[in-house]
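Each reported figure results from applying straightforward, stated rules to the coordinates on display, with no laboratory input. These figures come from a predicted structure and were not determined experimentally. Every residue, glycine among them, receives a Cβ derived from its backbone with ideal geometry; neighbour counts consider all protein chains shown.
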Amino acid sequence: MNEPPPSQASSQVGLAGQHGRSASRYGDPGLAGFITRSFAKSMGFSDEDLRKPIIGIAQTWSEFNNCHQHFRELAEAVKRGVWQEGGLPLEFPTISLGEVFLSPTSMLFRNLLAIDTEEMIRAQPIDGVVLLASCDKTIPAQLMGAASADVPAILVTGGPTLSGRWNGRDLGACTDCRGFWTEYRAGAIDDDALREIEDALCRSDGHCTVMGTASTMAGMAEALGMALPGCAAIPAPDARRFRLAEASGRQIVKSVELGLRPSQIMTEGAFENAIRVMLALGGSTNAVVHIVAIAGRLGIPLPLDLFDQLSRETPWLANIRPSGRWQMEQLFEAGGVPALMKELLPLLHADCPTITGRTVGENLDRARVRDHDVISPLDDPLGPEGGIAILRGNLAPDGAVIKQSAASPNLLRHRGRALVFDDLQDLMARIDDPALDVSPESVLVMQNGGPIGAPGFPESGNLPVPKKLLEQGVRDIVRISDARMSGTAYGTVVLHVAPESAVGGPLSLVRTGDWIELDVPARRLSLDVAEVELEKRRQAWHPRPRPYSRGWGRLYVDHVLQADRGADLDFLVATEGPD
Ligand code: FES
């Protein structure tokens with residue numbers, strides 16, 4: 001091995017990092033370089049290695065995260081690419097957020113992962129970083145952290161699972177989790193069938209394979225320019241995902257050379273592109289909260305009215321469940337997100353820079369739709385508007401969100417009497433009570449499901465249809481809450497009502513029997529109660545005791561912002577670009 005002589009080696013910046021963030025901590029950069037090189041050599045690295053740009057790989061593998069079970073192999077593929085391009089890949093762990101294994105809700109920890117990612121990028125001698133993410137909260141959390149750290153970064157998602165198969169039909173988590181559970185509660189399928197479905201539903205590595213939050217956020221990351229074109233839809237076990245991970249490893253080294261920072265890629269135009277792609281995908285309502293939070297880290301405001309404006313101008317193109325018919329495998333075969341973006345190109349900012357070093361328009365040169373049943377043409381869309389609508393009115397002065405593409409058309413204009421539940425516990429205790437005074441015209445209202453109230457802003461907003469109605473054949477009913485719902489869910493469900501009931505928002509004033517009017521085409525959500533009466537209720541309202549007195553929970557409830565501001569912590573939002 002041709003090692004440089006010691007004097008030459010000690011003059012190298014080496015593991016102190018080319019941006020010099022960590023070396024100065026010791027006060028003497030020469031000493032810091034000497035110590036860090038020496039310690040790095042204990043891992044077997046040579047001077048030749050230590051002269052390369054250092055590429056951190058933010059690893060979110062965990063056995064409590066089924067969606068990330070292949071991430072150790074994915075990291076190895078990234079490393080190959082980094083080595084090929086002349087970088088030194090060093091993998092480091094952050095916390096991992098497995099959607100179904102976290103209590104009380106993974107959303108309580110999104111901002112914690114964002115802090116972890118940001119601080120580890122800042123603290124370690126990293127020139128560029130590869131973010132490995134997949135499950136719902138991990139993509140937004142890592143993009144939030146990377147935006148704040150503003151060191152060159154590229155996202156590699158884990159990809160969707162293969163479609164499940166049962167009784168000759170495709171299954172998709174977790175739209176079918178909910179659908180079959182509803183049928184089970186209605187007595188339409190038995191225990192044996194339910195067990196067979198449980199065995200067949202999740203067939204491989206990867207995130208949920210419908211257009212849930214993970215698929216939506218992966219598509220938006222691609223549209224933002226933070227992931228290589230095609231990244232979002234390649235199935236998790238497909239060899240092409242590992243080749244894309246390898247290419248991402250090569251690309252991050254080039255991005256370091258170009259000095260391409262997240263703040264140069266995630267611009268206002270890029271966020272508009274991402275929102276339009278989300279709308280055309282029929283994406284998850286959760287994406288609204290997440291993208292506002294990511295933009296907030298860069299000092300870019302994304303008011304809810306912008307989502308509504310773009311939704312009215314952006315047609316729904318992707319025929320993917322839960323809004324449509326197909327799953328992510330078919331989206332991949334139809335050309336993936338690049339093909340969808342090619343259709344949308346007249347509505348996109350084609351000149352936005354991306355992580356490839358080329359513009360959005362240049363990246364799409366060779367993209368084309370291979371199956372118009374999966375991705376509709378722009379001039380013959382599945383729906384004239386995007387999947388998401390923003391509602392306002394005296395019940396939601398700061399806005400509420402509905403996924404109109406997954407709602408029942410006959411309920412989009414509806415007036416009904418409220419049936420109010422104080423919180424999730426009250427709901428679970430009473431929803432299947434045979435004596436429940438409910439009809440198909442009722443409007444179910446759940447309070448205390450928001451960022452502070454629940455706490456953690458859980459996906460409890462898809463309130464179950466009461467068993468009494470299920471047995472009558474009813475499968476949808478208007479539901480309203482300040483909670484979120486899984487992107488894989490469906491129904492006429494109004495979410496993210498802001499301000500939330502736990503801070504005294506109007507939702508806290510609703511009483512059973514009040515008239516509520518929902519008018520999605522007019523974007524209205526109204527509580528039909530006289531202002532005098534509402535004022536009386538306001539005076540009588542008292543906040544509940546805060547749920548945490550210490551630790552992360554305390555920090556969270558003391559600082560979390562409302563849904564319309566992305567539910568980030570107030571002190572993490574940038575006021576003038578990244579810190
Ligand atoms: Fe991870 Fe659905 S459980 S994406």
Sorted by number, the cysteines in the chain with no other cysteine beta-carbon under 4.7 Å are 202, 208, 231, 352
The computed P(r) of the stretch 111-204 puts the percent of Cα pairs beyond 22 Å at 49 percent
Answer in debye to the nearest 20: the dipole magnitude of the chain about its Cα centre, from +1 Lys/Arg and -1 Asp/Glu charges placed on Cβ, is 440 debye
Ordering 447-457, 462-472 by per-residue average of other C-beta atoms within 10 angstrom, highest first, gives 447-457, 462-472
Dividing the alpha-carbon radius of gyration of the stretch 277-379 by 2.2 N^0.38 Å, where N counts its residues, gives 1.11
quick shape note, the stretch 416-565: Cα extents on principal axes in Å, largest first -> 47, 38, 33
Around residue 495 (Cβ within 12 Å, Cβ-to-Cβ, excluding residue 495; K/R +1, D/E -1) the net charge comes to -1
Checked against a 28 Å limit on the C-alpha separation, the offending pairs among 403/467; 403/536; 254/403; 254/342; 41/137 are 403/536; 254/403; 41/137
Ranked output for segments 415-426, 38-49 by mean other Cβ atoms within 10 Å, highest leading, reads 415-426, 38-49
Where a ≥ b ≥ c are root eigenvalues of the Cα gyration tensor, a/c under 1.5 meaning rounded, otherwise prolate if a/b exceeds b/c and oblate otherwise, the stretch 37-141 counts as prolate
Row for the stretch 359-461, column shape: gyration tensor on C-alpha, a ≥ b ≥ c, rounded if a/c < 1.5 i.e. under 1.5, prolate if a/b over b/c, else oblate; value prolate
For residue 486, the net charge from surrounding residues (Cβ-Cβ under 15 Å; K, R +1; D, E -1) works out to +3
The farthest towards the positive end of the charge dipole of the chain, of the residues 278, 33, 499, given +1 on Cβ of Lys and Arg and -1 on Cβ of Asp and Glu, is 33
Residue by residue through the stretch 539-544, the couplings from Karplus 6.51 cos²θ - 1.76 cosθ + 1.60 with θ = phi - 60°, in Hz, x for Gly and Pro, are 5, 7, 6, 10, x, 6
re the stretch 469-527: pairs of Cα atoms spaced beyond 13 Å account for a percent value of 70 percent
Low-density loop trypsin sites (Lys or Arg not before Pro), the stretch 517-551, at most 10 other Cβ within 10 Å, DSSP non-H/G/I/E/B, are 550
At R0 = 51 Å the Cβ-Cβ FRET efficiency linking residue 193 and residue 76, nearest 0.05, sits at 0.80
If every Lys and Arg gets +1 and every Asp and Glu gets -1 at its Cβ, then about the Cα centre the stretch 430-553 yields a dipole, in debye to the nearest 20, of 520 debye
Contact order relative to length for the chain, counting C-alpha pairs under 8 Å separated by 6 or more residues, stands in percent at 13 percent
Taking the chain, the equivalent ellipsoid from its C-alpha gyration tensor has semi-axes in Å, biggest first, of 43, 26, 22
Non-local residues with an amide H under 5 Å from the amide H of residue 297, with H modelled 1.01 Å from N and Pro and chain starts lacking one, are 574
Correct semi-axes for the stretch 103-262, from √(5λ) of the alpha-carbon gyration tensor and rounded to whole Å with the largest first, are 35, 18, 10
